[in-house]
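Quick notes on the structure that follows.
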Amino acid sequence: MTLDRRSFLLQSGSAAAVVALFGQGCAVPSPSSTALPGSVLGFTGVPASLRDGIVVPPEYEWQLLYPWGTPTGVTGRMPPFAPDARNSAEDQAVQAGMHHDGMHFFALDASGDRGLLVMNHEYTDEQLLHTDGVKEWTAEKVRKSLHAMGVSVIEVRRSGQGWQQVQPSPFARRVHGNTAMRIAGPAAGTPLMRTAANPAGDAVFGTFANCAMGVTPWGTYLTCEENFHGYFGGPKEAARNATPAQRRYGTVAGSQWVEYWRFEERFDLSRHPNEPHRFGWVVEIDPFDPTATPVKRTALGRKRQESATCTIAKDGRLVVYMGDDSRFEYIYKFVSRDKVRPGTDAAARAANRHLLDEGTLHAARYDTGGRGKWLELTHGRDGLDAAHGFADQAEVLIHARLAGDIVGATKMDRPEWIAIHPQSGEVYVTLTNNSQRGDAGKPGPDAANPRTNNLFGGILRWREDGGDAASPGFSWDHFALAGDPAQPGSGARYPSGDADMFGAPDGLHFDKGGLLWIQTDLSGQVLGKAPYTSLGNNQMLCADPASGRIKRFLTGPNGCEITGCVVTPDRRTLFVNIQHPGEARDDGDTKHNSAWPDGAEPGSARPRSATLAIRRRDGGIVGT
Ligand code: FEO
Ligand code: CA
Ligand code: CA
């Protein structure tokens, strides 16, 4: 390497100094700030569409960045993408992972023309990942699959030609399913976290199933481990011994999605029952230091983690909102014990290094009358004690779902992303859908989840009492109940008569002007089919919470989900991820119904998840 990373960072005046000048932290409401000029939702809305491609308003253009397999830009290690999937596991460890998801842009200079794009890679399509699929699993395929998930840090630059990835870059990094990590917080080192390979219970290899994300005020990236359970397996007979906690988290032998356990023993639940306790966390990554060890923050609780959306309470403590994406699971809030040291300079970053390790976790209860309460998940309080199966706070955190049951939190319709309005501080969450609401033996509708057989999901929002994120109580309402109002009994309700319809909202992002970007994830199995027909392919919309108007902005290729969204600080670029285009959903079906972005016809190329950089042709502010 002619210019190694450390010396580059030193030459740049250290990574921390770069952050000090230009990093952007989390959403901290600032009632005095005003939206930048420009009409709101002035773009030409696009119709719902089943077209196999990207459709944006005519006054916008998009370009492609960083499709699966693209070299990440690690100096001296940039294997080109092999369209026949011949890249090795070692190659994949330094290439774009699959299934791009949550994402953030960290500016590297004042112009915002240079920055780090940090994104999650949620899961793998094994049929696409390996030349011959996975009729036969091998140890090499397990490794490649683990390397195709996690996080990418890439450097991007803007010029007259748009955005380009910088390759190589001293910041380029892949964090994946075999990257060494530290475990911190109250659960670290406790009995349920100890394994044969790590008797100290304080270190683990890898993060995977990385879905939504968050950004701390001090400029680190939080990646969330969602469907980690599917990667742990074992012989079917072992399922007999599954504990209630294992069943609740879905880590039951025989129900695995992939056969990792046959080749890498830490994934075998019958031999290493504690290994899955080390997944399902929020993981903090310093994007500016490629040598920094990622840290799993156990104080935030273990769940199928969705979002770690940060803000600051009136007294200066950090507040993190999180969802748990399964049917009938909870919404959580963490309030740090200590105050955030403001800023993103080296001193602030050092002072905030342990901020996510001490604090109080809560689960939400949504009551009738639009009121709600945060219920503390603290050992020794409200039944969270040994008599109910919690030996200590570590067990409360590792089995946060069970703790939520004891305190009586509200079972939600699959909480996904959480976004905070930059001026009002109102918190919005997508509840993507729940077809089992009201089924026999399942919870029925309640105030916050009002529809039985909730096929289309919606967006709920709340306002903390006194405008203080640390408040124990809040007021809530529904921003939108999604769906097709023409469907009999759909119960769809939009905030205004001027709203385009959608279903299964998932990704959610507020830009600093207060526009709400909504992304959808209807399952590939239902796209184009009744009762979803008129919704078309998955899409992205822009909402103005002030007026309730919602306008469709983008529609995606066949089979894809639109997820991951960040508007640059100057609001002139919108980065969006296209995930799993053409996804084959049926077991054993290897056909994909799209070859986006490389081929025009399905079957002509392996479809690839990728990032879009979208801008107005006139260079104006997006969404206006
Ligand atoms: Fe990965 Fe809950 O979406
Ligand atoms: Ca999602
Ligand atoms: Ca989803």
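The values are calculated or read from the model by the stated rules, or taken from the named source; none is laboratory data. Given the structure is predicted, the values throughout are model-derived calculations rather than measurements. No Cβ is skipped: glycine too gets one built from the backbone with ideal geometry, and neighbour counts run over all protein chains shown. Just the protein is used for accessible areas: all its heavy atoms, side chains included, with ligands, DNA and RNA removed. Shrake-Rupley method; radii C 1.70, N 1.55, O 1.52, S 1.80 Å.
Within 10 Å, count the other beta carbons around each residue, average over each peptide in 202-208, 502-508, 311-317, and list them highest first. Walk me through the numbers on the way to the answer.
Numbers: 202-208: 22.9, 502-508: 27.3, 311-317: 16.3.
Final packing ranking: 502-508, 202-208, 311-317.
Between amide H atoms placed 1.01 Å from N, distances below 5 Å from Gly150 occur with His121, Ala209, Asn210, all of them 5 or more places distant or on a separate chain.
Amide H contacts under 5 Å for Gly359: Arg337, restricted to partners 5 or more places along the chain or on a different chain, H placed in the peptide plane at 1.01 Å from N. Bridging of Lys296 to lysines at a Cα separation below 29 Å is possible for Lys141, Lys144, Lys314, Lys333, Lys339, Lys373, Lys411, Lys512, once same-chain residues fewer than 8 apart are set aside. The HN-Hα couplings worked out from phi for segment 291-303 by the Karplus form 6.51 cos²θ - 1.76 cosθ + 1.60 (θ = phi - 60°) are 9, 6, 7, x, 10, 7, 9, 6, 5, 7, x, 10, 6 Hz, whole numbers, x standing for Gly and Pro.
Near Glu155, once Lys and Arg are set to +1 and Asp and Glu to -1 for all other residues with Cβ below 11 Å from its Cβ, the sum equals +3.
Taking the highest mean first, how do the peptides 615-623, 273-281 order by number of other beta carbon atoms within 10 angstrom per residue? Before the final figure, lay out each step's value.
Values: 615-623: 16.7, 273-281: 25.1.
In decreasing order of mean packing, 615-623, 273-281 become 273-281, 615-623.
Put a dot 7 Å past the Cα of Asp367, heading toward its Cβ, do the same for Arg182, and the two dots end up 4.2 nm apart. Any chance you could check the Cα centroid distance between segment 182-255 and segment 96-166 for me, in angstrom? Using only Cα atoms to place each centre, the spacing works out to 22 Å. For segment 91-99, backbone phi angles converted through the Karplus equation (6.51, -1.76, 1.60; θ = phi - 60°) give residue-by-residue couplings of 4, 4, 5, 10, 10, 3, x, 8, 6 Hz, Gly and Pro being listed as x.
At 1.4 Å probe radius, can you tell me the per residue accessible area of segment 476-592 in Å²?
On the way: 3460 Å² over 117 residues.
With all protein chains present, segment 476-592 gives 30 Å² per residue.
Each Lys and Arg adds +1 at its Cβ and each Asp and Glu adds -1 at its Cβ; summed about the Cα centre, the chain shows a dipole of about 500 debye. Considering only protein heavy atoms and a probe of 1.4 Å, how much of the accessible area of segment 532-624 is carbon and sulfur, as a whole percent? Ligands and nucleic acids excluded, carbon and sulfur give 42 percent.
For segment 98-156, trypsin sites (Lys or Arg not before Pro) meeting the loop criterion (DSSP other than H, G, I, E, B) and having at most 13 other Cβ atoms within 10 Å: Lys135. What shape does segment 155-202 take by its C-alpha gyration tensor, where a ≥ b ≥ c are the square roots of the eigenvalues and a/c under 1.5 counts as rounded, a/b above b/c as prolate, and the rest as oblate? Prolate. When nucleic acids and ligands are ignored and a 1.4 Å probe is applied, Thr452 ends up with an accessible area of around 80 Å². Think of it as helices only: each DSSP H run of n ≥ 4 in the chain is worth -39500 (n - 2.57), and spread over all residues that comes to -2000 deg cm²/dmol at 222 nm. Normalised by the number of residues in the chain, the mean separation of alpha-carbon contacts (under 8 Å, six or more apart) gives a relative contact order of 15 percent. For the peptides 327-334, 483-490, the ranking by mean Cβ contacts within 10 Å, running from highest to lowest, is 327-334, 483-490. Residues whose amide H comes within less than 5 Å of that of Gly69, counting only those at least five positions distant or on another chain, are Ala96, Gly97 (H built at 1.01 Å from N in the peptide plane). Over segment 305-383, accessible surface divided per residue gives 37 Å², non-protein components excluded, 1.4 Å probe. Counting only protein heavy atoms and a 1.4 Å probe, segment 220-297 has 34 square angstrom of accessible area per residue. Taken over the C-alpha atoms, the chain has Rg and Dmax values of 22.6, 66 angstrom.
Return the FRET efficiency for the residue pair Ser496, Asp446: r is the Cβ-Cβ distance, R0 is 25 Å, and the value is rounded to the nearest 0.05. Don't skip to the end; give the middle numbers.
Details: r = 25 Å, r/R0 = 1.02.
Calculated transfer efficiency: 0.50.
Counting heavy atoms of the protein chains alone, Arg463 has an accessible area of about 120 Å² for a 1.4 Å probe. The overall shape of segment 260-306 is oblate: from the C-alpha gyration tensor, with semi-axes ordered a ≥ b ≥ c, the ratio a/c is 1.5 or greater and a/b is no larger than b/c. Computed over protein heavy atoms with a 1.4 Å probe, the carbon and sulfur contribution to the accessible area of segment 421-510 reaches 47%.
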